[in-house]
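Notes for the one structure printed next.
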Amino acid sequence: MPEGDTVWRAARDLHRALAGKVLTRCDVRVPRFATVDFTGDTVQEAVARGKHLLIRGGGEDGWDIHSHLKMEGLWHVYAHGEKWRRPAFKARCILETEDAVVVGFELGLLRVISRAEEDDAVGFLGPDLLGPDWDAEEALRRLREQPERPIGLALLDQRNLAGIGNVYRCEICFLTGVHPLTPVGEVPNLPRMVELSRKLLEANKLRTTRATTGQLRGNNLWVYGRSKRGCLRCKTPVALEQLGDRDTELRELYYCPHCQPRVEAPEATALP
Ligand SMILES: [Zn+2]
């Protein structure tokens, strides 16, 4: 499942293949942008912004190919003549240079925007956990703006901090021993949770197996996807619920009721 680390790796691979290169083919297979053709333009760079990916080309005031992998999307880089590892009918964007063929398959979002529209497209995102401008204080400030919101939702909201997907939100709550429905304002150590998020994405950005346990071969996650096997630490059956809201997608939430007990806030004493 694509999270910030997956997108970071995709952007790195696209950057290596495209940056500074002239496009010899540009085929955007989305009806609205079917006539777009940047053949002859030079690509400047490919960058990740949270879970969004921007391919910037055509100079300072040029264009962006803006994509989001959502659930199934991926970008591949091939040599000319190399067999694609996904069927061609699933290709949504094909960019070629003299030495590479870059193909985006099943992209959940794919559009072409001008550089000037970039801020509208990704400006709403909170600090990027893997970005050069990562700002923990700003992420904390944004999280604390909604103290009543369950932490399991707040971590997933890309406007607070960008890059955490469903796997990480579950694992981060587990690693800090926090029940995911705990309101943000009652999380005992929010700064530690934010710092841990960055560390996990950093540690995993160069790997293809995502691990939060230090183990890369099996048992690489503590609770995510373990509703049948139980918590990796204590073997208690892992709870599986759906948690989402207006601003986040409804997704599976895994947690260990033993390692992440729900701590009720003490009742406020009514003043006489
Ligand atoms: Zn447990």
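The values are calculated or read from the model by the stated rules, or taken from the named source; none is laboratory data. Computed from a predicted structure; not experimentally measured. Positions of Cβ are backbone-derived with ideal geometry, glycine not excepted, and every protein chain shown enters the neighbour counts. Just so you know, the surface numbers come from the protein's heavy atoms only, side chains and all, with ligands and any DNA or RNA stripped out. Shrake-Rupley method; radii C 1.70, N 1.55, O 1.52, S 1.80 Å.
State all residues of the stretch 185-212 that are more than 17 Å from Ala162 (Cα to Cα) and open to solvent by less than 50 Å² (accessible area, probe 1.4 Å); if no residue qualifies, say none.
Once the filter is applied, which keeps residues that are more than 17 Å from Ala162 (Cα to Cα) and open to solvent by less than 50 Å² (accessible area, probe 1.4 Å), the stretch 185-212 yields Val187, Arg210, Ala211, Thr212.
Which condition number in (1) buried (at least 19 other Cβ atoms within 10 Å of the Cβ); (2) closer than 25 Å to Gly131 by Cβ is the one that Thr182 fails?
Condition not satisfied by Thr182: (2).
Would you mind stating whether Val112 is in the same structural domain as Val22 (by TED's automatic domain parsing) and in contact with a Phe, Trp or Tyr (Cβ under 6 Å, 6 or more places away or on another chain)?
yes
From Ala91, Ala136, Ala116, which residue is touching a strand residue (DSSP E or B) at 6+ places or on another chain (Cβ under 6 Å) and among the small types (Gly, Ala, Ser)?
Numbers: Ala136 fails: touching a strand residue (DSSP E or B) at 6+ places or on another chain (Cβ under 6 Å); Ala116 fails: touching a strand residue (DSSP E or B) at 6+ places or on another chain (Cβ under 6 Å).
Criteria check complete, one pass: Ala91.
Show the residue pairs meeting these rules: Cβ distance below 6 Å; 6+ apart or different chains; first residue within the stretch 229-257 and under 17 Å from Asn166 (Cβ atoms) and in contact (Cβ under 8 Å) with a residue 12 or more places away in the chain; second residue among the polar types (S, T, N, Q) and within 8 Å of the ligand (Cβ to nearest atom).
The qualifying pairs are Cys256/Thr236.
Report the residue count in the stretch 12-39 for those that are touching a Leu at 6+ places or on another chain (Cβ under 7 Å) and more than 15 Å from Val103 (Cβ to Cβ).
2
What do you reckon, is Glu148 more than 16 Å from the ligand (Cβ to nearest atom), closer than 27 Å to Val47 by Cβ and open to solvent by 10 Å² or more (accessible area, probe 1.4 Å)?
Spelling it out, it is not the case that Glu148 is more than 16 Å from the ligand (Cβ to nearest atom), closer than 27 Å to Val47 by Cβ and open to solvent by 10 Å² or more (accessible area, probe 1.4 Å).
Name the residues in the stretch 128-151 that are more than 27 Å from Glu264 (Cβ to Cβ) and part of a loop (DSSP other than H, G, I, E, B), would you? Show your work before the answer.
From the stretch 128-151, those more than 27 Å from Glu264 (Cβ to Cβ) are 128-138; that's our starting set.
Result: Leu129, Leu130, Gly131, Pro132, Asp133, Trp134, Asp135.
Sort through Lys21, Lys90 and tell me the only one that's more than 28 Å from Gly225 (Cα to Cα) and either of a type in the set (D, E, K, R) or out of contact with any His (no Cβ under 6 Å at 6 or more places or on another chain) (or both).
Lys21
For the stretch 1-63, which fully contained strands (runs of 3 or more DSSP E) count at least 2 residues that are open to solvent by 30 Å² or more (accessible area, probe 1.4 Å) and assigned by TED's automatic domain parsing to the domain that holds Ala116?
Per the criteria, 25-28, 43-49.
Got a sec? Which strands (runs of 3 or more DSSP E) wholly within the stretch 87-127 have at least 3 residues that are touching a residue at least 60 places away in the same chain (Cβ under 8 Å)? Outline the logic, then answer.
Values: elements: 91-96, 101-105, 109-114.
Counting at least 3 such residues, we get 91-96, 109-114.
Answer yes if at least one residue in the stretch 213-236 is in a helix (DSSP H, G or I), open to solvent by 40 Å² or more (accessible area, probe 1.4 Å) and either within 16 Å of the ligand (Cβ to nearest atom) or not polar (S, T, N, Q) (or both), and no otherwise.
Checking the stretch 213-236: not a single residue is in a helix (DSSP H, G or I), open to solvent by 40 Å² or more (accessible area, probe 1.4 Å) and either within 16 Å of the ligand (Cβ to nearest atom) or not polar (S, T, N, Q) (or both).
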